[in-house]
Every structure is written in C-alpha cells, then in structure tokens.
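The values are calculated or read from the model by the stated rules, or taken from the named source; none is laboratory data. As the structure is a computational prediction, the values presented were derived from the model and not from experiment. As a convention, Cβ positions derive from the backbone with ideal geometry for all residues, glycine included, and neighbour counts pool all protein chains shown. Note: areas computed on protein heavy atoms with side chains; ligands, DNA, RNA excluded. Shrake-Rupley method; radii C 1.70, N 1.55, O 1.52, S 1.80 Å.
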Amino acid sequence: MKLAKLSLGIICGMLVSGAALAGQTFDTVKKRGYVQCGVSTNLPGFAFTDSKGVWQGIDVDTCRAIAATMFGNATKFKVIPLTTQARFTALQSGEVDVLTRNTTQTMSRDTTLGLIGVGINYYDSQGIMVTKDSGVTSAKKLSGATICVLPGTTTELNLTDWFRSLKMPFKPVLLDTVDEIKRAFVSGRCDGITMDKSQLALARIAFGNPEKYVILPEALSKEPLGPMVRQGDEAWFNVVRWTLNALLEAEEYNLTSANVDAALKTTAPNLQRLLGTTPGMGKSMGVDDKWAYNIIKQVGNYGEIFDRSLGANSPMKLERGMNASYTKGGLMYGWPIR
C-alpha cells in the first residue's frame with residue numbers, strides 16, 4: 001500500500017512538473033514582453049532589410065503576427081538572423097522562441113531534434129539553375145556537373161538523393177551562405193546552383209540580367225516551409241499554430257487590414273469567433289479574445305503578406321501557385337477557429 005501511495009505521489013509530481021514545463025516558453029515570452037524569431041540572414045521575399053534597414057518579408061510578417069497574438073501589438077518582436085547551420089541550435093538553446101525562418105518540415109526534424117513543425121506558410125520545391133549559355137535544358141543532362149549548395153540542409157540531401165537515384169555523378173561545392181553561392185555561380189565556380197525554386201527565381205532577378213539564367217524544369221523535392229518551435233510546450237505551440245491558421249482563415253473570408261473594423265459588426269458566427277466579438281477563443285489560448293483581429297488589423301491576411309513580400313506588389317512578382325487559397329486552386333487551407 002505504501003509503495004502504491006509513493007508511486008501515485010511520483011506520478012502526480014510528474015504531472016505537475018509536466019504542466020509547468022508545458023508553458024515555459026509561453027511564460028518566458030510573456031514576461032519578456034516580445035517574441036524572438038529566428039529568420040534568414042538575407043533572403044529577399046522571406047527575411048531581408050529594406051533601404052531603411054527595416055526587416056521585411058513573409059517570415060518576418062509571420063513573426064509580427066505572432067507578436068500581435070501574444071501582446072496585441074505587432075511591433076513586440078525581435079528578429080535574429082541565423083545561418084542554416086545555426087538555426088536549429090539557436091532554437092534548441094532558447095536563443096530564439098520560434099524559427100520563422102524558411103525551414104522545410106520533415107519527419108526527421110520532428111522526431112530527432114526536440115523540435116516540431118507548426119504548419120506551412122510557403123509550399124516550394126527544389127530546383128537547379130544554370131546559365132542559358134550552357135545549353136542545358138534538363139537536370140538529367142548534368143552528369144558530372146559542379147553544383148553549389150548549402151551544407152547541412154535538406155537541400156544538400158535532396159541533391160545527393162536525386163543524382164544517386166539516376167546513378168549520375170556530380171561534384172558538390174559546399175558554401176555557407178546564399179550570398180556566397182550566388183557569387184560562386186556568377187564567377188563560374190560551379191555549373192549550377194540548387195535551392196528552393198522561389199529562391200532561384202529571386203536570385204535570377206537579383207543578378208540584374210535574368211534572361212541569362214534558366215531554372216530547369218525538374219523538381220528535386222517537396223519543400224513545405226513553415227515555423228518550428230521546441231517540443232514540450234503546447235501552450236506556445238498553439239499560439240504559433242493558430243496564428244498561422246488565422247492568417248489563412250482571414251484571407252478565405254476576405255478579411256483585410258482595410259475592412260476588418262467594419263467586419264466587427266458581422267452577425268456570421270464563424271467571423272464573430274475569429275474576430276473575438278464572441279468571447280472565448282482567446283481565453284483558451286491564454287491571450288486576448290481579439291488576438292486574430294489584432295493580427296489582421298496590424299499585419300493583414302496571408303494574401304496581403306504574400307503580395308507585398310513575394311507577389312504582385314513586390315519586385316519578385318511571383319505567382320501564388322500552390323500558395324493560393326484552396327478556394328482558388330492552391331494548397332493553403334486554414335483550420336477552423338471554433
């Protein structure tokens with residue numbers, strides 16, 4: 001009987017300890033007063049500084065949206081630029097609260113790093129870019145080619161797997177940053193470069209003479225990009241996950257930063273829950289009921305973010321493609337906030 005009581009006491013203690021641990025990041029962020037997000041060192045469209053030194057991009061706006069959820073103020077954030085090699089260590093160590101950096105969601109990353117993917121804010125695929133003068137029209141004609149690639153990434157693994165599957169030799173040139181890869185390619189150090197196709201499109205524009213470069217048609221992989229957090233803190237996980245879903249739901253319902261105030265008068269139950277005029281959805285997450293309203297008002301919906309970062313209102317002019325709402329043939333689908 002004493003042993004049973006002792007065991008029960010230990011179990012109860014473990015449950016209490018687990019509950020305390022579950023909110024550790026959430027509580028730390030709340031006490032600190034701002035969110036710390038790990039982003040790319042300089043990736044146009046995703047995370048970059050503009051001419052005034054202000055951080056912009058889809059991954060930065062995701063961070064701003066998380067801040068709006070937590071504090072009702074989208075300015076309560078700090079971005080920390082991270083290389084591909086440093087990003088996971090920075091999250092594991094607590095240097096950042098969340099990676100909003102362009103990071104592929106994979107099984108091994110969810111199961112071996114103590115981290116977990118939250119959702120997708122950009123669907124991509126990996127490709128290879130070569131010079132037009134090379135005459136290469138397919139990646140299948142790159143046997144023996146020299147390819148510049150970031151080390152320690154799924155990009156490197158995908159490249160190796162793809163060439164191996166075709167039993168084609170190639171020579172990888174490992175460089176630590178995207179800028180180094182671009183310089184090496186332009187200088188002729190490598191026959192091609194491999195990155196996500198969105199990054200290749202941006203690089204081609206940045207070179208100033210895009211007609212001289214060709215993105216080959218093959219997709220070497222699927223690259224679902226999105227935020228990651230540490231495992232073991234469901235409260236913080238929920239904040240990040242439902243922030244992303246609110247951005248997607250807002251676009252589906254055509255709620256924008258310009259019309260969201262007028263929408264507060266709606267009688268539609270789903271919009272009342274989303275905008276907090278029907279109370280309860282914020283309390284269950286530990287934030288204000290107007291959390292999603294604050295996101296939309298201060299940051300916009302997913303479509304607004306995409307357009308100014310990567311799409312029609314940006315220098316890149318990328319098509320929405322897979323990143324369109326599911327109502328318009330894309331893959332973006334917000335989970336119901338109810």
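The Cα-based radius of gyration and maximum Cα-Cα distance (Dmax) for the range 112-194 are 14.1, 46 Å. Applying the Karplus relation 6.51 cos²θ - 1.76 cosθ + 1.60 with θ = phi - 60° to the range 97-104 yields 3J(HN,Hα) values of 8, 7, 8, 9, 5, 4, 9, 6 Hz, where x marks Gly and Pro. Considering only A246, A68, A324, the Gaussian network model of the chain with Cα springs below 10 Å gives its largest mean-square fluctuation to A324. For the listed residue pairs K52/K265; K132/K197; K30/K52; K52/K297, the alpha carbons are over 26 angstrom apart in K52/K265; K30/K52. Set against the 2.2 N^0.38 Å expectation for a compact globular protein, the range 143-263 has a Cα radius of gyration ratio of 1.44. Sorted on the mean count of surrounding Cβ atoms within 10 Å across their residues, most packed first, peptides 141-149, 190-198 read 190-198, 141-149. A cut-off of 5 Å between modelled amide H atoms, ignoring neighbours fewer than 5 places along the same chain, links D124 with E223, L225.
Quick one: grab the alpha carbon gyration tensor of the range 186-338, order the square roots of its eigenvalues as a ≥ b ≥ c, and give me rounded if a/c is under 1.5, else prolate or oblate depending on whether a/b is larger than b/c.
The shape class here is prolate.
Each residue of the range 284-296 was assigned a 3J(HN,Hα) from its phi angle through the Karplus curve 6.51 cos²θ - 1.76 cosθ + 1.60 (θ = phi - 60°); the sequence is 5, 9, x, 10, 5, 4, 8, 4, 6, 4, 4, 4, 5 Hz, with glycine and proline shown as x.
All C-alpha pair distances within the range 259-318, sorted into 5 Å bins from zero, spread as 4, 19, 22, 18, 15, 10, 9, 4, 0 percent across the bins.
Each peptide in 292-304, 114-126 receives the mean, over its residues, of other Cβ atoms within 10 Å, and ordering these scores from highest gives 292-304, 114-126. Tally Lys and Arg at +1 and Asp and Glu at -1 over the other residues with C-beta under 12 Å from the C-beta of R320: what net charge comes out? It works out to a net charge of -1. Solvent-accessible area assigned to carbon and sulfur over the range 226-338 amounts to 52 percent, based on a 1.4 Å probe. Backbone geometry of the range 43-56 corresponds, through the Karplus equation with coefficients 6.51, -1.76 and 1.60 at θ = phi - 60°, to 3J(HN,Hα) couplings of 10, x, x, 10, 7, 7, 9, 7, 5, 9, x, 8, 6, 9 Hz, x marking Gly and Pro.
How much net charge surrounds E304 when only the other residues with a Cβ under 10 Å from the Cβ of E304 are counted, with Lys and Arg +1 and Asp and Glu -1? So the environment of E304 carries a net charge of -2.
Skip the ligands, DNA and RNA, and give the accessible area per residue of the chain with a 1.4 Å probe, whole Å².
On the way: 15730 Å² over 338 residues.
Accessible area per residue, the chain: 47 Å².
Within the range 27-63, the trypsin sites (Lys or Arg not before Pro) that combine a DSSP coil assignment with at most 13 other C-beta atoms in a 10 angstrom radius are K52.
Relative protection proxy for 273-284, 165-176, from highest mean packing down: 273-284, 165-176 (other beta-carbon atoms within 10 angstrom). For the chain, the relative contact order comes to 21 percent (Cα pairs under 8 Å, sequence separation of at least 6).
Within the shell defined by Cβ-Cβ distances under 15 Å, the residues around A246 carry a net charge of -1, with Lys and Arg each +1 and Asp and Glu each -1. Largest first and in whole Å, the equivalent-ellipsoid semi-axes of the chain read 38, 26, 17, each the square root of five times a Cα gyration tensor eigenvalue. Expressed as a whole percent, the accessible surface of the range 88-160 that belongs to carbon and sulfur atoms is 53, based on a 1.4 Å probe.
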